[in-house]
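The values are calculated or read from the model by the stated rules, or taken from the named source; none is laboratory data. Worth saying up front: this structure is predicted, and the values here are computed from it rather than measured. Methodologically, a virtual Cβ is constructed for each residue, glycine included, from the backbone with ideal geometry; neighbour enumeration extends over all protein chains shown. SASA here: full protein model, heavy atoms, side chains in, ligands and nucleic acids out. Shrake-Rupley method; radii C 1.70, N 1.55, O 1.52, S 1.80 Å.
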Amino acid sequence: MSVAARSLGAPLSRVEGGEKVRGEAVYAYEHQVEGVVYAVLVTAAIAKGTIRTVDAAAALASPGVLAVLTHENAPQLAERDGELGVLQSPRIAYRGQIVGIVVAETLETAQEAASLVHVEPDAEEHDVVLRADHPTLYKPDTVNPDFATDTEEGDVEGALTAAAVTLDETYTTPAEHNNPMEPHATIARWQDGDLTLWDSNQGAFAAAQAIAKRFGLEPSRVRVLSPHVGGGFGSKGTPRPHVVAAALAAKVVERPVKLAVTRRQMFTLTGYRTPTIQRIRLGADRDGHLTAIAHDVVEQTSTVEEFAEQTAVVTRMLYASPARRTTHRLARLDMPTPSWMRAPGETPGMFALESALDELAIALDLDPVELRVRNEPDVDPESGNPFSSRNLVACLREGAERFGWGRREPRREGRWLVGTGVAASTYPARRRPSTAHGRREEDGSVTIRIAAADIGTGARTVLTQIAADELGLPPGRVHVEIGDSGFGQAMLAGGSMGTASWGTAVVKACRELRAGRDEAHVDTADGAEAEEPLSKHGFGAQFVEARVHADTGEVRVPRMLGVFACGRILNPKTARSQFVGGMTMGLGMALLEETVVDQRLGGFVNRDLALYRVPVNADVGDIEAIWIEEDDPHVNPMGAKGIGEIGIVGAAAAVANAVHHATGVRVRDLPIRPDRLLGRLP
Amino acid sequence: MRPFRYERATDAASALAGIAAPGATFLGGGTNLVDLMRLGVETPAVLVDVTRLPFCEIEDTDAGGLRIGAGVRNSDLAADPRVRTRFPALAEALLAGASGQLRNRATTGGNLLQRTRCPYFQDVTAVCNKREPGSGCSAREGEHRNHAILGWSEQCVATHPSDMAVPLAAFDAVVHVTGPDGERALPVEGFHRLPGAEPQRDTVLAPDELVVAVELPPLPAAARSTYRKVRERASFEFALVSVAAGLDIADGCVRQVRVALGGVAHKPWRAHTAEAALHGVPATEQSFRAAADAELAQAQPLRDNAWKIDLARDVLVRTLVELAG
Amino acid sequence: MASPELVEIALLVNGEEHRLEVDTRASLLDVLRERLGLTGGKKGCDHGQCGACTILLDGRRANACLALAVAHDDCEIVTIEGLAHPLQDAFVERDAFQCGYCTPGQICSAVGMLLELELGWPSHATADVAAEPTLGHDEIRERMSGNICRCGAYPNIVAAIEDVAS
């Protein structure tokens, strides 16, 4: 049931590439909408309390200001609670929450007027710091998106007691922010009760549905357009409060309103990865076979919504062990709600698990690659199902060979301590239903319409290739249109499910066209898809060479290699970019990124791109991604597993393991900063 | 940003006339001022643009040094062959700072006058004595891992972010300013202040004075100099700690030495104690270590930044060792 | 509340003069994007920290977000829309972008950077600051570090620049 290859498998350049390099690709804020005015957000300076008074007189008196919306005068939403319940209550739930919207003829006027809106709150004592012993820790019903919160098999305590070697360590990751290059932005226009949103999002249809619900509208009355999106990494998966704000403002002033979240505001309004505190306990026999794994996670959510990152879920399927326990506990803090950031769950979870495996290997005097090979399961340990395909071992072996792993000795080069590290990588391969539309044009070309999203993944291009091959046409004769909720339901770009979900729908649509129809409307939810009892995941291995300066603790990574087994690679050019992009984010996670929380301030301190450090060009040395082709007919007709997120998974652990190899210093708290190394270096 | 009037000065006289207006501030490259205005930290009513003043030359002085116009762009200064051969630490410091785009606009005068990047200073919703004297210092007990270890006060623990100013302080540079009361020559070392009880005052410059030029005297130690900047990111980041050092060695002994530290205090920290300890002694790691110990003995840690003291000490030693060759 | 200060200026953009009345507070970036319809240059941070707004001012790369429009009416401004450069094809060929938002800034910055190299300007990556710099991976990486790419297209950006520069 696989798709014959002609265009697929070829390194086709991105079909929208010309537009992007000429500056012609239009992003949300850039659409030319007649009569548009500017909105700027007013945000809370305290973390918890109630607004007593709002003085907007000075703002309203500013020439060119059209309106100041507050909880006192904002239109009522049909659904008033949660992060999207913008200006529906005087309650302040976190520092940075929207408490006002200023609308003006010019951006400069709106910005200045926003600073003149005076919000007087009754502040309450706030609680913003996550602790392992936080008094409000509770067990959520499920963890993102719908996994069981806790699992337990076998006798973990007994196995740990009896184990020849045990490990009991706690690993922490800080808050991290997605920080796509394009700030979230929306242009909202009401016309005869219909709402059009030019918006930056990862799923136009899902966004339209969510907004329609908020405003009590029939879904067909909301149209979301997002042809080009400047990155998301999870933060644009569901609409953020500013979308509601733009729509509210447009409703009040009865003109189209454009609103961009400032970079500072992105740190409180567009989601982030929760900090985690993870306790890992391992038990093993002398040959390195795991007899027990326990992974207990503490993380946070807000007081307005629950988000429980599935941090320990990866431990349920990665290694064989007769006894296993995973748990998640949440603290409700007076902070914004965490949400998806590239590979939620796997990313922080694998930092802890793969660091622990490395520590175990060292305790057993076993090669870390070999340790993982010894614990390779035959079937999914949790479900007992066979894997549809699993080549973790092949990735480890291939990577070890290419990286020169065998000759592995820490060394000194001048003032630099040099070492290498390895970690496993994995990400589920799933798909969801999507609809798609295909039409054969008069000139014989084909137009495909699907509310897919290309946030930099190359989805537009790969869907073109899928359609081209299915139709037997050169890719230039296929035109794929995406990013329009008017095209009907489609899965959002998330969970690495995009191409799998949309591609399946595109294949189905093309098959109908090939069968002689001129138009096809398909829905992959129609077909009864056999619930195959198979465990579907992509796998990989991350290899890192790190050098640590003996005097300063600066860490540099001159070499990174990722070897992945993710089914069939549909476009080697864009795939390599996705893998490398994920690995680069993992590098940032390991060494640079953290959003610091200040209890007295009541929130995040470093809210800009100077103090929140994402990797710059000079941070990235030789970084290579290769893959082992897999033939897996179970995942989807293309045989492809999602690859957008796996690159970040395991990367940070590989870096931490390399730093340990170089220096003998084990850093269990990210990021690996000089002050965590200084004083401990040989 | 509040509305402001924009004026373009054509000469020093028109610049000084312009600054006399209430709420007036000089505008150089704008890379710090516009940033601060957008943050709401600076709220001038009048901007007097001084980038068209004839202060854009780098001239050889009769004494054998250099006179750098206040309007010279950071990138031009760093690229000047005279700076690169006679004051390499200065070129290195400039090139280690900011980004190519920012260096193309930032001016010598503006670089000296740039303000701290303390996140609480930049956040008008946070408490800050520098912005509002007497209101408190959020960093004192807050996030201060990268704040001052030398010369701080209970009122302010911020650091000066400039790279360029560090070798200027080390090399006895002099800032020439002009004002309604005439011209002054201010040693760079004394140009920036320690916070003391008045953290709102970064420099000794009067609000109506204009930086005209920076003069570097000839200095044997400057010819063999370097700038080492320690930071988490490989580029485009402020220093954790930096060192500008110059050594003139004769017969294995230190004939002349200049050292200044960056990222450690409210001003570039001229390491006089270390210099005194190094005069005439053998140029060995042992001497360098003793000198560094002596200099950092006066360092005072905050709750979370004691590690910076060790870092400063080690980087200073290492830099001198590598310089001595 | 003070009224906006409005000034009539003429901006020379991509060889064309535009006469318009601007708020003194308006950045060159906002004037280009909101008034002149030149949305190629992007607003990533509005504080000079990301480089997505990079344009060429008198041939030199600069961040448009920190440049006040009123202060630059005597400059030659070149934006991505005014560039036809081999780098653009190289970027497509090398996949030196993903989401594309930082791309116009990367390209303008690279154009400016190549000129700086040609002029013999050293960088932080130049081993001996007094010597002539030579093109190489480390030099390009360092010189392009003022342009953040969250998608992580850095290696391909370097490759595209090398393709053109050599």
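Brief remarks follow.
- Scanning the stretch B:226-243 for residues that are touching a residue at least 12 places away in the same chain (Cβ under 8 Å), in contact with a strand residue (DSSP E or B) (Cβ under 8 Å, 6 or more places away or on another chain) and either more than 19 Å from residue B:171 (Cα to Cα) or open to solvent by less than 10 Å² (accessible area, probe 1.4 Å) (or both) turns up B:230, B:239, B:240, B:241, B:242, B:243.
- Index of the failed condition, residue A:294 passing every other in (1) touching a helix residue (DSSP H, G or I) at 6+ places or on another chain (Cβ under 7 Å); (2) assigned to a loop (DSSP other than H, G, I, E, B): (2)
- Here residue A:8 meets the list (1) crowded, with 19+ Cβ neighbours inside 10 Å; (2) in contact with a Ser or Thr (Cβ under 9 Å, 6 or more places away or on another chain) almost entirely, failing just condition (2).
Residue-by-condition table, conditions (1) among the polar types (S, T, N, Q); (2) in a loop (DSSP other than H, G, I, E, B); (3) out of contact with any His (no Cβ under 9 Å at 6 or more places or on another chain):
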residue: A:576; (1), (2), (3): no, no, yes
residue: A:585; (1), (2), (3): no, no, yes
residue: A:625; (1), (2), (3): no, no, yes
residue: A:633; (1), (2), (3): no, yes, yes
residue: A:636; (1), (2), (3): yes, yes, yes
residue: A:652; (1), (2), (3): no, no, yes
residue: A:656; (1), (2), (3): no, no, yes
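- Only one of B:124, B:174 that is farther than 23 Å from residue A:46 by Cα and among the hydrophobic types (A, V, I, L, M, F, W, C): B:174
- Subset of the stretch B:193-216 (residues that are out of contact with any His (no Cβ under 6 Å at 6 or more places or on another chain), closer than 24 Å to residue B:27 by Cβ and not in a loop (DSSP other than H, G, I, E, B)): B:210, B:211, B:214, B:215
- Residue A:54 farther than 26 Å from residue A:237 by Cα and not in a loop (DSSP other than H, G, I, E, B): yes
- Within the stretch C:33-61, residues that are over 30 Å from residue C:118 (Cβ atoms) reach partners that are open to solvent by less than 10 Å² (accessible area, probe 1.4 Å) with beta carbons closer than 6 Å, at six or more positions or on different chains, in the pairs C:46/C:65.
- Cβ-Cβ contacts under 9 Å between residues 6 or more apart (or on different chains), taken from a first residue in the stretch C:1-23 that is within 14 Å of chain B (Cβ to nearest Cβ) and among the polar types (S, T, N, Q) to a second residue that is open to solvent by 50 Å² or more (accessible area, probe 1.4 Å) and not in a strand (DSSP E or B), are listed as C:3/A:63.
- Candidate set from the stretch A:219-245 (those that are touching a Ser or Thr at 6+ places or on another chain (Cβ under 8 Å) and within 14 Å of another protein chain (Cβ to nearest Cβ)); member that is surrounded by the most Cβ atoms within 10 Å (Cβ to Cβ): A:236
- Of all residues in the stretch A:291-306 being more than 22 Å from residue A:152 (Cα to Cα) and of a type outside the set (Asp, Glu), the one that is most open to solvent (accessible area, probe 1.4 Å): A:303
- Matching residues, the stretch C:75-89, being touching a residue at least 24 places away in the same chain (Cβ under 8 Å) and either among the acidic types (Asp, Glu) or closer than 16 Å to residue A:580 by Cβ (or both): C:76, C:81
- Per the listing A:118, A:71, A:126, the residue uniquely without any contact (Cβ under 8 Å) to a residue 40 or more places away in the chain and either open to solvent by less than 40 Å² (accessible area, probe 1.4 Å) or not acidic (Asp, Glu) (or both) is A:71.
- Within the span defined as the stretch A:44-59, every residue fails to be under 37 Å from the mean Cα position of the chain (by Cα) and within 25 Å of residue A:225 (Cβ to Cβ).
- Output for the stretch A:33-44, where each listed residue is over 12 Å from residue A:104 (Cα atoms), among the aliphatic types (A, V, I, L, M) and surrounded by 20 or more Cβ atoms within 10 Å (Cβ to Cβ): A:42, A:44
- Set side by side, the residues A:259, A:269, A:248 differ, and just one is under 16 Å from residue A:41 (Cβ atoms), open to solvent by less than 10 Å² (accessible area, probe 1.4 Å) and within 14 Å of chain C (Cβ to nearest Cβ), which is A:259.
- Check on residue C:92, facing another protein chain (nearest Cβ under 7 Å) and either without any contact (Cβ under 8 Å) to a residue 12 or more places away in the chain or open to solvent by 10 Å² or more (accessible area, probe 1.4 Å) (or both): yes
- Check on residue B:311, surrounded by 21 or more Cβ atoms within 10 Å (Cβ to Cβ), under 22 Å from residue A:681 (Cβ atoms) and in contact with a strand residue (DSSP E or B) (Cβ under 6 Å, 6 or more places away or on another chain): yes
- Hey, residue A:663 open to solvent by 10 Å² or more (accessible area, probe 1.4 Å), under 26 Å from residue A:356 (Cα atoms), hydroxyl-bearing (Ser, Thr, Tyr) and in contact with a strand residue (DSSP E or B) (Cβ under 7 Å, 6 or more places away or on another chain) or not: yes
- Wholly enclosed strands (runs of 3 or more DSSP E) of the stretch A:437-537 bearing at least 3 residues under 23 Å from residue A:205 (Cβ atoms) and free of Cβ contacts under 8 Å to residues at least 24 places away in the same chain: none
- Residue list for the stretch B:173-192, restricted to those being in a loop (DSSP other than H, G, I, E, B) and open to solvent by 60 Å² or more (accessible area, probe 1.4 Å): B:180, B:181
- Condition check for residue B:107: under 23 Å from residue B:227 (Cβ atoms), surrounded by 24 or more Cβ atoms within 10 Å (Cβ to Cβ) and of a type in the set (S, T, N, Q): yes
- Of all residues making up the stretch B:33-62, the number that are open to solvent by 20 Å² or more (accessible area, probe 1.4 Å) and either within 23 Å of residue B:174 (Cα to Cα) or in contact with a Pro (Cβ under 9 Å, 6 or more places away or on another chain) (or both): 14
- Boolean, residue A:590 is more than 25 Å from residue A:13 (Cβ to Cβ), free of Cβ contacts under 8 Å to residues at least 12 places away in the same chain and either not in a loop (DSSP other than H, G, I, E, B) or not charged (D, E, K, R) (or both): no
- The single residue among A:382, A:370, A:398, A:376 that is open to solvent by 10 Å² or more (accessible area, probe 1.4 Å), under 29 Å from residue A:666 (Cα atoms) and outside any helix (DSSP H, G or I) turns out to be A:376.
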